[in-house]
Amino acid sequence: MKGFKRIFYALIGVGSIVLTFGLSGFVVAATHHLRYWAYPTFFGVGILLAGSVLILMKPASRPRGSFWERPWVRRFLTVDEERLSRGIWPWVRRRGPFALVLAAAMIFGPFFAALVVRFLGLPERRAWLYVFLTTLVAVGFWVSVYLGLLEAVVSKFGSVFSL
C-alpha cells in the first residue's frame, strides 16, 4: 500500500509539472496575442481566482458542513506556520503582512496570495485591498516580463528563422 501511495504522489507531481509548463506556455502565448490587453485580462483572471478564495472557499464567516470544510480539501487550502517557516518566508514575514502577500502573489499567484491573506486573519476591507494591490503589481510585472522577454527573443532570433 505504501508503494502505491508513492507512485500515486509521483504521478501527481509529474502531472503538476506538465500542467504548469502547459499553462505557462499558454500564458506567454496569450500575452503575445493580446499585447497590452493582457494587463486587464490577466488582472481580471487574477482577481477572479483570489475572489474565489475570499468569497467561496475561505469566507470570513465560514458555513459549517460545506465542501471546503472536508479534511482532505482543507489540508490543501490551509496555509499555516509550518508552511511559512522554511525558505524565504521568515525573512519576508518580518517585513510585514503586505510584503508577505506581495511575495506570495509574485511567486505563486493571486490564488495563493488570497490563502495567505486568510492565514493572516486580516479584516475584510484590508484583505480585499491587499489582494487587489498585490494582484495589480504581480500582473503588471509578469505581463511586462512576458511582453519584453518575447520581444527580445523575437528580435534576437528573428533574422535566424526568417527565410
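Taken together, the values in this text are just the output of simple stated rules run on the coordinates, not laboratory data. Only a predicted model underlies this, so the values are computations on that prediction, with no experimental measurement involved. As a convention, Cβ positions derive from the backbone with ideal geometry for all residues, glycine included, and neighbour counts pool all protein chains shown.
The protection proxy used here, the mean number of other Cβ atoms lying within 10 Å of each residue, ranks peptides 36-44, 146-154 as follows, highest first: 36-44, 146-154.
Stretched out straight at 0.36 nm per residue, the stretch from residue 7 to residue 160 would grow longer than its current Cα-Cα span by 50.7 nm.
Spin-label model, residue 124/residue 145: points 7 Å from Cα along the beta carbon direction are separated by 3.4 nm. Residue separation of residue 88 and residue 132 scaled by 0.36 nm, minus their Cα-Cα distance, works out to 13.5 nm of gained length.
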